[in-house]
1. Report the gain in length on full extension from K353 to T479: 0.36 nm times residue separation, minus Cα-Cα distance, nm rounded to one decimal.
2. Assign unit charges at the C-beta atoms only (+1 for Lys and Arg, -1 for Asp and Glu), then state the dipole size of the range 258-364 relative to its Cα centre in Debye, rounded to the nearest 20.
3. Based on Cβ point charges of +1 for Lys and Arg and -1 for Asp and Glu, what charge dipole magnitude is obtained for the chain about its Cα centre, in debye rounded to the nearest 20?
4. How far is the Cα center of the range 197-239 from the Cα center of the range 352-390, in Å?
5. Take the Cβ-Cβ distance between S138 and S319 as r, set R0 to 30 Å, and report the resulting FRET efficiency rounded to the nearest 0.05.
6. Rounded to the nearest whole Å², what accessible area per residue is found for the chain with the 1.4 Å probe?
7. What share of the DSSP beta bridges in the range 102-378 is antiparallel, in percent to the nearest 5?
8. Would you mind getting me the FRET efficiency between E462 and D40? Use the beta-carbon distance for r and R0 = 30 Å, nearest 0.05.
Amino acid sequence: MSRSRPSVEKYGQMRFLTAEAKVSAGRLNGKMREKTLTMDTLNPQVKAVEYAVRGPIVIKAGEIEKYLEEGGTKPFSEVIKANIGDAHAMGQQPITFLRQVVALCTFPELMDSPSFPEDAKWRAQRILQGCGGHSLGSYSASPGVECIRKDIAAYIEQRDEGVPSDWENIYLTTGASDGIMTILRLLVSGKDSSRTGVMIPIPQYPLYSAAISEMDAVQVNYYLDEDNCWALDINELYRAYQAAKLHCQPRVICIINPGNPTGQVQSKKCIEEVLHFAYEENLFVMSDEVYQDNVYTPDCQFHSFKKVLYEMGPEYFNSVELASFHSSSKGYMGECGFRGGYMEVINMDPEVKAQLVKLLSVRLCPPLAGQAAMDVIVNPPQSDEHSYKQFHQEKSSVLGALADKAKLTEQILNAVPGIKCNPVQGAMYAFPRIFIPPKAVEEAKALGMQPDMFYCLRLLEETGICVVPGSGFGQKDGTHHFRMTILPSIEKLKVLLGKVRDFHISFLKEYSALE
(Lines give C-alpha, C1' and ligand atoms only; values in the text may rest on other atoms or scores of the structure.)
Protein backbone atom coordinates (compact mmCIF):
# COMPACT_ATOMS: atom_id res chain seq x y z
CA MET A 1 0.00 0.00 0.00
CA SER A 2 1.69 3.26 -1.20
CA ARG A 3 1.91 6.19 1.11
CA SER A 4 0.97 9.60 -0.27
CA ARG A 5 3.81 12.12 -0.50
CA PRO A 6 3.46 15.46 1.29
CA SER A 7 2.57 18.49 -0.83
CA VAL A 8 5.42 20.62 -2.18
CA GLU A 9 4.42 23.42 0.24
CA LYS A 10 4.38 21.07 3.22
CA TYR A 11 7.66 19.45 2.12
CA GLY A 12 9.32 22.86 1.98
CA GLN A 13 8.04 23.71 5.45
CA MET A 14 9.38 20.40 6.80
CA ARG A 15 12.80 21.09 5.31
CA PHE A 16 12.84 24.60 6.76
CA LEU A 17 11.78 23.36 10.21
CA THR A 18 14.44 20.66 10.11
CA ALA A 19 17.12 23.22 9.15
CA GLU A 20 15.89 25.59 11.84
CA ALA A 21 16.07 22.80 14.41
CA LYS A 22 19.64 21.97 13.37
CA VAL A 23 20.72 25.60 13.74
CA SER A 24 19.08 25.97 17.14
CA ALA A 25 20.63 22.71 18.28
CA GLY A 26 24.03 23.84 16.99
CA ARG A 27 24.23 20.77 14.74
CA LEU A 28 26.06 22.30 11.78
CA ASN A 29 29.27 20.34 12.33
CA GLY A 30 30.56 23.24 14.38
CA LYS A 31 30.81 25.47 11.29
CA MET A 32 28.86 28.49 10.15
CA ARG A 33 27.89 28.55 6.48
CA GLU A 34 30.57 30.27 4.40
CA LYS A 35 29.58 33.39 2.48
CA THR A 36 29.42 33.08 -1.30
CA LEU A 37 30.60 36.64 -1.85
CA THR A 38 33.83 37.53 -0.04
CA MET A 39 36.76 39.79 -0.83
CA ASP A 40 38.42 36.73 -2.37
CA THR A 41 35.50 36.01 -4.71
CA LEU A 42 34.56 39.66 -5.39
CA ASN A 43 34.96 40.90 -8.97
CA PRO A 44 38.59 42.18 -8.97
CA GLN A 45 37.61 45.09 -11.21
CA VAL A 46 35.27 46.34 -8.47
CA LYS A 47 38.11 46.24 -5.94
CA ALA A 48 40.21 48.33 -8.32
CA VAL A 49 37.62 51.14 -8.43
CA GLU A 50 38.42 54.33 -6.52
CA TYR A 51 36.24 57.45 -6.33
CA ALA A 52 37.98 60.23 -4.45
CA VAL A 53 35.14 62.76 -4.18
CA ARG A 54 33.21 60.34 -1.97
CA GLY A 55 36.25 58.51 -0.61
CA PRO A 56 37.83 57.96 2.83
CA ILE A 57 38.16 61.65 3.71
CA VAL A 58 34.44 62.20 3.11
CA ILE A 59 33.60 59.21 5.30
CA LYS A 60 35.79 60.73 8.02
CA ALA A 61 33.98 64.06 7.59
CA GLY A 62 30.67 62.27 8.13
CA GLU A 63 31.97 60.68 11.32
CA ILE A 64 33.09 64.07 12.67
CA GLU A 65 29.75 65.62 11.71
CA LYS A 66 27.88 62.92 13.62
CA TYR A 67 30.21 63.35 16.62
CA LEU A 68 29.44 67.08 16.72
CA GLU A 69 25.69 66.43 16.43
CA GLU A 70 25.89 64.09 19.44
CA GLY A 71 27.44 66.83 21.57
CA GLY A 72 31.13 66.18 20.94
CA THR A 73 33.56 69.07 20.93
CA LYS A 74 36.11 70.09 18.31
CA PRO A 75 38.03 73.31 17.62
CA PHE A 76 35.18 74.11 15.16
CA SER A 77 31.38 74.00 15.29
CA GLU A 78 30.59 72.56 11.85
CA VAL A 79 32.05 70.56 8.99
CA ILE A 80 32.12 72.52 5.73
CA LYS A 81 31.98 70.00 2.89
CA ALA A 82 33.78 71.54 -0.06
CA ASN A 83 34.47 68.13 -1.59
CA ILE A 84 31.68 67.85 -4.17
CA GLY A 85 29.84 70.08 -6.62
CA ASP A 86 26.45 69.79 -4.93
CA ALA A 87 25.07 73.30 -5.37
CA HIS A 88 21.80 73.03 -3.44
CA ALA A 89 23.47 71.28 -0.51
CA MET A 90 25.73 74.35 -0.36
CA GLY A 91 22.74 76.69 -0.14
CA GLN A 92 22.16 77.64 -3.78
CA GLN A 93 18.45 78.28 -4.36
CA PRO A 94 16.58 76.34 -7.07
CA ILE A 95 15.54 78.11 -10.27
CA THR A 96 11.85 78.87 -9.71
CA PHE A 97 10.64 78.19 -13.26
CA LEU A 98 12.32 74.78 -13.43
CA ARG A 99 10.74 73.67 -10.17
CA GLN A 100 7.33 75.02 -11.26
CA VAL A 101 7.32 72.96 -14.45
CA VAL A 102 8.49 69.78 -12.72
CA ALA A 103 5.92 70.30 -9.92
CA LEU A 104 3.14 70.66 -12.50
CA CYS A 105 4.33 67.52 -14.29
CA THR A 106 4.42 65.61 -11.00
CA PHE A 107 1.04 66.85 -9.75
CA PRO A 108 -1.07 68.00 -12.75
CA GLU A 109 -3.92 69.06 -10.44
CA LEU A 110 -1.84 72.20 -9.88
CA MET A 111 -2.70 73.28 -13.45
CA ASP A 112 -5.82 74.88 -11.95
CA SER A 113 -3.81 76.94 -9.47
CA PRO A 114 -3.39 80.67 -10.22
CA SER A 115 -0.03 80.48 -8.40
CA PHE A 116 1.61 78.94 -11.48
CA PRO A 117 2.30 81.00 -14.63
CA GLU A 118 0.83 80.01 -17.96
CA ASP A 119 4.21 79.51 -19.64
CA ALA A 120 5.09 76.90 -16.99
CA LYS A 121 1.70 75.19 -17.43
CA TRP A 122 2.11 75.09 -21.21
CA ARG A 123 5.49 73.38 -20.95
CA ALA A 124 4.25 70.88 -18.37
CA GLN A 125 1.24 69.98 -20.50
CA ARG A 126 3.47 69.43 -23.53
CA ILE A 127 5.83 67.16 -21.58
CA LEU A 128 2.93 65.17 -20.10
CA GLN A 129 1.40 64.67 -23.54
CA GLY A 130 4.63 62.89 -24.49
CA CYS A 131 4.41 60.54 -21.49
CA GLY A 132 2.50 57.28 -21.37
CA GLY A 133 -0.89 57.86 -19.74
CA HIS A 134 0.06 61.56 -19.52
CA SER A 135 1.90 60.68 -16.32
CA LEU A 136 5.44 61.27 -15.10
CA GLY A 137 5.09 57.88 -13.40
CA SER A 138 5.19 56.02 -16.72
CA TYR A 139 8.19 54.59 -18.52
CA SER A 140 9.34 56.52 -21.57
CA ALA A 141 11.03 55.15 -24.66
CA SER A 142 14.58 54.11 -23.70
CA PRO A 143 16.24 57.06 -25.49
CA GLY A 144 13.84 59.44 -23.71
CA VAL A 145 10.59 61.34 -24.32
CA GLU A 146 10.44 62.31 -27.99
CA CYS A 147 9.38 65.95 -27.55
CA ILE A 148 12.21 66.48 -25.03
CA ARG A 149 14.75 65.02 -27.46
CA LYS A 150 13.44 67.42 -30.11
CA ASP A 151 13.74 70.37 -27.71
CA ILE A 152 17.35 69.38 -26.95
CA ALA A 153 18.18 69.22 -30.68
CA ALA A 154 16.68 72.72 -31.13
CA TYR A 155 18.71 73.99 -28.16
CA ILE A 156 21.95 72.57 -29.59
CA GLU A 157 21.26 74.19 -32.98
CA GLN A 158 20.68 77.55 -31.30
CA ARG A 159 23.73 77.19 -29.03
CA ASP A 160 25.94 76.27 -31.99
CA GLU A 161 24.57 79.07 -34.19
CA GLY A 162 22.81 76.91 -36.75
CA VAL A 163 24.92 73.75 -36.80
CA PRO A 164 22.31 71.03 -37.55
CA SER A 165 21.27 68.60 -34.80
CA ASP A 166 19.18 65.48 -35.42
CA TRP A 167 16.89 64.66 -32.50
CA GLU A 168 17.34 60.95 -33.22
CA ASN A 169 21.01 61.35 -32.21
CA ILE A 170 19.92 62.62 -28.77
CA TYR A 171 19.66 60.23 -25.82
CA LEU A 172 18.39 61.23 -22.38
CA THR A 173 20.54 59.86 -19.57
CA THR A 174 20.56 59.53 -15.78
CA GLY A 175 22.93 62.44 -15.35
CA ALA A 176 25.93 62.79 -17.66
CA SER A 177 27.71 59.95 -15.82
CA ASP A 178 25.23 57.38 -17.15
CA GLY A 179 25.89 58.44 -20.74
CA ILE A 180 29.67 58.42 -20.26
CA MET A 181 29.57 54.90 -18.80
CA THR A 182 27.32 53.69 -21.64
CA ILE A 183 29.61 54.95 -24.40
CA LEU A 184 32.67 53.48 -22.67
CA ARG A 185 30.93 50.08 -22.48
CA LEU A 186 30.57 50.16 -26.25
CA LEU A 187 34.22 51.05 -26.76
CA VAL A 188 35.99 48.70 -24.34
CA SER A 189 37.11 45.38 -25.81
CA GLY A 190 40.16 43.22 -26.46
CA LYS A 191 42.78 41.45 -24.36
CA ASP A 192 46.44 41.99 -23.59
CA SER A 193 48.02 44.42 -26.08
CA SER A 194 44.70 44.81 -27.96
CA ARG A 195 42.82 46.05 -24.87
CA THR A 196 41.10 49.39 -25.37
CA GLY A 197 43.13 52.38 -24.22
CA VAL A 198 41.14 55.34 -22.94
CA MET A 199 42.96 58.67 -23.05
CA ILE A 200 41.98 60.90 -20.13
CA PRO A 201 43.27 64.26 -18.88
CA ILE A 202 45.33 64.38 -15.70
CA PRO A 203 44.06 65.78 -13.40
CA GLN A 204 40.72 64.12 -14.23
CA TYR A 205 37.27 63.65 -12.77
CA PRO A 206 37.48 60.26 -10.97
CA LEU A 207 34.42 58.87 -12.80
CA TYR A 208 36.75 58.18 -15.73
CA SER A 209 39.45 56.27 -13.85
CA ALA A 210 36.76 54.39 -11.90
CA ALA A 211 34.94 53.35 -15.08
CA ILE A 212 38.18 52.31 -16.77
CA SER A 213 39.09 50.12 -13.76
CA GLU A 214 35.62 48.57 -13.58
CA MET A 215 35.65 47.71 -17.29
CA ASP A 216 39.26 46.47 -17.22
CA ALA A 217 40.33 48.90 -19.93
CA VAL A 218 43.71 50.67 -20.01
CA GLN A 219 44.00 54.20 -18.62
CA VAL A 220 46.14 56.40 -20.86
CA ASN A 221 47.12 59.61 -19.08
CA TYR A 222 47.79 62.86 -20.87
CA TYR A 223 48.90 65.67 -18.56
CA LEU A 224 47.43 69.16 -18.63
CA ASP A 225 49.94 72.02 -18.44
CA GLU A 226 49.66 73.52 -14.96
CA ASP A 227 52.18 76.26 -15.74
CA ASN A 228 49.96 77.38 -18.62
CA CYS A 229 46.66 77.54 -16.71
CA TRP A 230 45.98 73.81 -17.25
CA ALA A 231 45.95 74.14 -21.04
CA LEU A 232 45.93 71.04 -23.22
CA ASP A 233 49.20 70.64 -25.11
CA ILE A 234 48.84 68.76 -28.40
CA ASN A 235 52.43 67.47 -28.15
CA GLU A 236 51.51 65.81 -24.86
CA LEU A 237 48.61 64.03 -26.60
CA TYR A 238 51.00 62.57 -29.18
CA ARG A 239 53.49 61.55 -26.47
CA ALA A 240 50.80 59.75 -24.45
CA TYR A 241 49.33 58.08 -27.55
CA GLN A 242 52.65 56.76 -28.85
CA ALA A 243 53.66 55.44 -25.42
CA ALA A 244 50.30 53.72 -24.96
CA LYS A 245 50.44 51.96 -28.34
CA LEU A 246 53.24 49.78 -26.99
CA HIS A 247 50.87 47.96 -24.60
CA CYS A 248 47.26 48.69 -25.64
CA GLN A 249 45.10 49.99 -28.47
CA PRO A 250 44.06 53.62 -27.80
CA ARG A 251 40.56 54.02 -29.23
CA VAL A 252 39.00 56.95 -27.41
CA ILE A 253 39.99 60.36 -26.07
CA CYS A 254 38.04 62.04 -23.26
CA ILE A 255 38.02 65.81 -22.76
CA ILE A 256 36.41 67.76 -19.91
CA ASN A 257 35.68 71.35 -20.95
CA PRO A 258 35.37 73.50 -18.87
CA GLY A 259 37.68 71.41 -16.73
CA ASN A 260 37.01 69.44 -13.57
CA PRO A 261 38.94 69.68 -11.24
CA THR A 262 41.13 72.26 -12.94
CA GLY A 263 38.62 74.95 -13.98
CA GLN A 264 40.25 75.80 -17.32
CA VAL A 265 38.29 76.70 -20.49
CA GLN A 266 39.88 75.32 -23.64
CA SER A 267 40.48 77.69 -26.57
CA LYS A 268 38.97 77.10 -29.99
CA LYS A 269 42.46 76.50 -31.42
CA CYS A 270 43.11 73.84 -28.79
CA ILE A 271 39.82 72.07 -29.63
CA GLU A 272 40.70 72.14 -33.35
CA GLU A 273 44.04 70.51 -32.58
CA VAL A 274 42.38 67.79 -30.48
CA LEU A 275 39.85 67.04 -33.21
CA HIS A 276 42.57 66.93 -35.89
CA PHE A 277 44.54 64.53 -33.66
CA ALA A 278 41.43 62.32 -33.22
CA TYR A 279 40.83 62.40 -36.98
CA GLU A 280 44.41 61.38 -37.79
CA GLU A 281 44.65 58.63 -35.18
CA ASN A 282 41.09 57.31 -35.71
CA LEU A 283 39.95 57.99 -32.13
CA PHE A 284 36.40 58.25 -30.81
CA VAL A 285 35.93 61.62 -29.05
CA MET A 286 34.03 61.95 -25.76
CA SER A 287 33.41 65.58 -24.84
CA ASP A 288 32.22 66.19 -21.27
CA GLU A 289 30.58 69.63 -21.49
CA VAL A 290 28.48 69.68 -18.31
CA TYR A 291 29.99 73.03 -17.22
CA GLN A 292 29.25 74.84 -20.49
CA ASP A 293 27.28 77.57 -18.67
CA ASN A 294 30.03 78.01 -16.04
CA VAL A 295 32.51 80.39 -17.70
CA TYR A 296 33.70 83.31 -15.57
CA THR A 297 36.79 84.86 -17.14
CA PRO A 298 35.81 87.61 -19.62
CA ASP A 299 38.39 86.60 -22.23
CA CYS A 300 37.29 82.95 -22.19
CA GLN A 301 34.40 81.47 -24.16
CA PHE A 302 32.83 78.03 -24.29
CA HIS A 303 33.12 76.34 -27.67
CA SER A 304 31.32 73.05 -28.16
CA PHE A 305 33.38 70.30 -29.77
CA LYS A 306 30.55 69.70 -32.22
CA LYS A 307 30.48 73.30 -33.47
CA VAL A 308 34.25 73.42 -33.90
CA LEU A 309 34.15 70.08 -35.72
CA TYR A 310 31.49 71.48 -38.09
CA GLU A 311 33.59 74.58 -38.79
CA MET A 312 36.58 72.39 -39.68
CA GLY A 313 34.70 71.24 -42.77
CA PRO A 314 32.71 68.23 -44.02
CA GLU A 315 35.73 65.91 -44.16
CA TYR A 316 35.96 66.19 -40.37
CA PHE A 317 32.29 66.76 -39.50
CA ASN A 318 31.08 63.72 -41.44
CA SER A 319 33.70 61.29 -40.16
CA VAL A 320 34.91 61.97 -36.57
CA GLU A 321 32.80 59.99 -34.09
CA LEU A 322 31.78 62.29 -31.25
CA ALA A 323 29.66 61.89 -28.12
CA SER A 324 29.05 65.06 -26.11
CA PHE A 325 27.41 65.19 -22.69
CA HIS A 326 25.38 67.70 -20.68
CA SER A 327 23.63 67.57 -17.32
CA SER A 328 21.04 69.28 -15.11
CA SER A 329 23.41 68.98 -12.13
CA LYS A 330 25.79 71.85 -12.88
CA GLY A 331 25.49 75.16 -14.76
CA TYR A 332 23.24 77.66 -13.02
CA MET A 333 20.66 74.96 -12.18
CA GLY A 334 22.54 72.73 -9.74
CA GLU A 335 19.75 70.14 -9.85
CA CYS A 336 21.95 67.17 -8.93
CA GLY A 337 19.19 65.09 -7.36
CA PHE A 338 17.01 64.95 -10.46
CA ARG A 339 19.77 62.99 -12.26
CA GLY A 340 18.91 64.59 -15.59
CA GLY A 341 21.25 64.57 -18.56
CA TYR A 342 21.63 63.88 -22.25
CA MET A 343 24.21 62.90 -24.82
CA GLU A 344 24.40 63.67 -28.52
CA VAL A 345 26.16 61.02 -30.60
CA ILE A 346 27.22 61.76 -34.17
CA ASN A 347 28.83 59.67 -36.92
CA MET A 348 28.25 56.39 -35.09
CA ASP A 349 28.09 53.28 -37.30
CA PRO A 350 24.36 52.47 -37.81
CA GLU A 351 24.78 48.89 -36.62
CA VAL A 352 26.65 50.06 -33.50
CA LYS A 353 23.92 52.65 -32.94
CA ALA A 354 21.41 49.79 -32.80
CA GLN A 355 23.58 48.16 -30.14
CA LEU A 356 23.62 51.46 -28.22
CA VAL A 357 19.82 51.55 -28.23
CA LYS A 358 19.79 47.93 -27.06
CA LEU A 359 22.12 48.78 -24.19
CA LEU A 360 19.97 51.76 -23.22
CA SER A 361 16.83 49.61 -23.28
CA VAL A 362 18.28 47.31 -20.60
CA ARG A 363 17.93 50.12 -18.05
CA LEU A 364 14.40 50.86 -19.39
CA CYS A 365 14.61 54.67 -19.28
CA PRO A 366 16.10 57.59 -17.35
CA PRO A 367 13.95 59.11 -14.54
CA LEU A 368 11.06 61.05 -16.05
CA ALA A 369 11.40 63.91 -13.54
CA GLY A 370 15.03 64.32 -14.62
CA GLN A 371 13.96 64.35 -18.26
CA ALA A 372 11.39 67.07 -17.48
CA ALA A 373 14.05 69.13 -15.69
CA MET A 374 16.36 68.77 -18.69
CA ASP A 375 13.59 70.02 -20.97
CA VAL A 376 13.23 73.24 -18.98
CA ILE A 377 17.00 73.82 -19.19
CA VAL A 378 17.00 73.58 -22.98
CA ASN A 379 13.61 75.33 -23.36
CA PRO A 380 13.66 78.19 -20.83
CA PRO A 381 11.27 81.16 -20.81
CA GLN A 382 11.65 83.45 -23.81
CA SER A 383 11.81 87.24 -23.66
CA ASP A 384 8.10 87.64 -24.52
CA GLU A 385 6.92 85.21 -21.80
CA HIS A 386 5.68 86.02 -18.30
CA SER A 387 8.43 84.11 -16.42
CA TYR A 388 11.37 85.47 -18.41
CA LYS A 389 12.29 88.37 -16.12
CA GLN A 390 12.46 86.29 -12.92
CA PHE A 391 14.22 83.42 -14.68
CA HIS A 392 16.84 85.74 -16.20
CA GLN A 393 17.43 87.45 -12.83
CA GLU A 394 17.89 84.13 -10.99
CA LYS A 395 20.21 82.69 -13.66
CA SER A 396 22.33 85.85 -13.79
CA SER A 397 22.49 86.00 -9.99
CA VAL A 398 23.80 82.43 -9.68
CA LEU A 399 26.42 82.79 -12.43
CA GLY A 400 27.46 86.26 -11.23
CA ALA A 401 27.97 84.97 -7.68
CA LEU A 402 30.02 82.03 -8.97
CA ALA A 403 32.24 84.41 -10.97
CA ASP A 404 32.81 86.51 -7.84
CA LYS A 405 33.63 83.40 -5.79
CA ALA A 406 36.02 82.11 -8.47
CA LYS A 407 37.98 85.39 -8.32
CA LEU A 408 37.90 85.52 -4.50
CA THR A 409 39.20 81.96 -4.21
CA GLU A 410 42.09 82.61 -6.58
CA GLN A 411 43.06 85.86 -4.82
CA ILE A 412 42.99 84.54 -1.24
CA LEU A 413 44.80 81.28 -1.99
CA ASN A 414 47.53 82.98 -4.01
CA ALA A 415 48.24 85.27 -1.07
CA VAL A 416 49.18 82.26 1.10
CA PRO A 417 52.88 81.26 1.17
CA GLY A 418 53.27 77.77 -0.28
CA ILE A 419 49.99 77.75 -2.24
CA LYS A 420 49.62 78.51 -5.96
CA CYS A 421 46.17 78.61 -7.56
CA ASN A 422 45.56 79.04 -11.28
CA PRO A 423 42.65 81.28 -12.31
CA VAL A 424 39.29 79.49 -12.02
CA GLN A 425 38.17 80.25 -15.59
CA GLY A 426 35.14 77.97 -15.46
CA ALA A 427 33.36 75.01 -13.82
CA MET A 428 33.02 75.28 -10.01
CA TYR A 429 36.29 74.13 -8.44
CA ALA A 430 39.76 75.34 -7.55
CA PHE A 431 42.70 72.93 -7.75
CA PRO A 432 45.53 74.74 -5.95
CA ARG A 433 49.05 73.37 -5.75
CA ILE A 434 50.32 73.10 -2.19
CA PHE A 435 53.87 72.89 -0.90
CA ILE A 436 54.26 70.08 1.65
CA PRO A 437 57.55 70.10 3.61
CA PRO A 438 59.77 66.99 3.30
CA LYS A 439 59.24 66.07 6.96
CA ALA A 440 55.48 66.00 6.41
CA VAL A 441 55.99 63.87 3.29
CA GLU A 442 58.05 61.42 5.36
CA GLU A 443 55.40 61.25 8.08
CA ALA A 444 52.69 60.61 5.50
CA LYS A 445 54.70 57.77 3.95
CA ALA A 446 55.29 56.26 7.41
CA LEU A 447 51.51 56.24 7.86
CA GLY A 448 51.04 54.59 4.46
CA MET A 449 49.23 57.47 2.80
CA GLN A 450 49.78 60.04 0.08
CA PRO A 451 51.18 63.37 1.36
CA ASP A 452 48.17 65.35 0.16
CA MET A 453 45.80 62.87 1.81
CA PHE A 454 47.74 63.40 5.06
CA TYR A 455 47.47 67.17 4.56
CA CYS A 456 43.72 67.06 3.86
CA LEU A 457 43.02 64.81 6.85
CA ARG A 458 44.91 67.21 9.12
CA LEU A 459 42.96 70.12 7.60
CA LEU A 460 39.66 68.30 8.27
CA GLU A 461 40.48 67.29 11.83
CA GLU A 462 41.79 70.74 12.83
CA THR A 463 39.41 73.06 10.96
CA GLY A 464 36.36 71.05 9.85
CA ILE A 465 37.09 71.83 6.18
CA CYS A 466 36.56 68.83 3.88
CA VAL A 467 38.44 69.01 0.57
CA VAL A 468 39.69 66.21 -1.70
CA PRO A 469 43.40 65.31 -2.12
CA GLY A 470 44.82 65.94 -5.56
CA SER A 471 46.10 62.36 -5.69
CA GLY A 472 42.46 61.27 -6.13
CA PHE A 473 42.37 63.11 -9.48
CA GLY A 474 45.90 62.40 -10.67
CA GLN A 475 48.83 64.82 -10.71
CA LYS A 476 52.45 64.92 -11.84
CA ASP A 477 54.88 63.11 -9.56
CA GLY A 478 56.32 65.36 -6.90
CA THR A 479 53.39 67.80 -6.96
CA HIS A 480 50.56 68.02 -4.43
CA HIS A 481 47.12 69.60 -4.72
CA PHE A 482 43.63 69.58 -3.33
CA ARG A 483 40.28 70.19 -4.99
CA MET A 484 37.68 72.40 -3.38
CA THR A 485 34.34 73.62 -4.68
CA ILE A 486 33.62 77.35 -4.88
CA LEU A 487 29.90 76.75 -4.20
CA PRO A 488 29.55 77.91 -0.55
CA SER A 489 28.02 81.35 0.00
CA ILE A 490 30.45 84.28 -0.12
CA GLU A 491 30.37 84.55 3.68
CA LYS A 492 31.02 80.85 4.22
CA LEU A 493 33.63 80.76 1.46
CA LYS A 494 35.57 83.56 3.18
CA VAL A 495 35.49 81.55 6.43
CA LEU A 496 36.63 78.42 4.58
CA LEU A 497 39.49 80.15 2.76
CA GLY A 498 40.57 81.93 5.94
CA LYS A 499 40.77 78.61 7.78
CA VAL A 500 42.74 77.05 4.92
CA ARG A 501 45.17 79.98 4.99
CA ASP A 502 45.70 79.81 8.76
CA PHE A 503 46.05 76.01 8.72
CA HIS A 504 48.56 76.04 5.86
CA ILE A 505 50.78 78.63 7.53
CA SER A 506 50.66 76.67 10.79
CA PHE A 507 51.37 73.39 8.92
CA LEU A 508 54.44 74.91 7.22
CA LYS A 509 55.77 76.25 10.52
CA GLU A 510 55.26 72.92 12.29
CA TYR A 511 57.10 70.80 9.71
CA SER A 512 59.69 73.36 8.64
CA ALA A 513 60.75 73.62 12.30
CA LEU A 514 61.51 69.89 12.17
CA GLU A 515 63.86 70.25 9.20
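1. Fully extending the segment from K353 to T479 adds 41.1 nm.
2. Rounded to the nearest 20 debye, it is 460 debye.
3. Working: 53 positive and 62 negative charges, 454 e Å.
Around 2180 debye, computed over the chain.
4. The two parts, judged by their Cα centres, are 29 Å apart.
5. Step by step, r from the Cβ atoms, then E = 0.20.
6. The answer is 48 Å² per residue.
7. 40 percent
8. Details: r = 39 Å, r/R0 = 1.29.
Once the sixth-power term is evaluated, E becomes 0.20.
The values are calculated or read from the model by the stated rules, or taken from the named source; none is laboratory data. Just so it is clear, the model here is predicted, and its values are computed rather than measured. Note that each Cβ is placed from the backbone with ideal geometry, even for glycine, and that neighbours are counted across all protein chains shown. The area values use the complete protein model at the heavy-atom level, side chains included, leaving out ligands, DNA and RNA. Shrake-Rupley method; radii C 1.70, N 1.55, O 1.52, S 1.80 Å.
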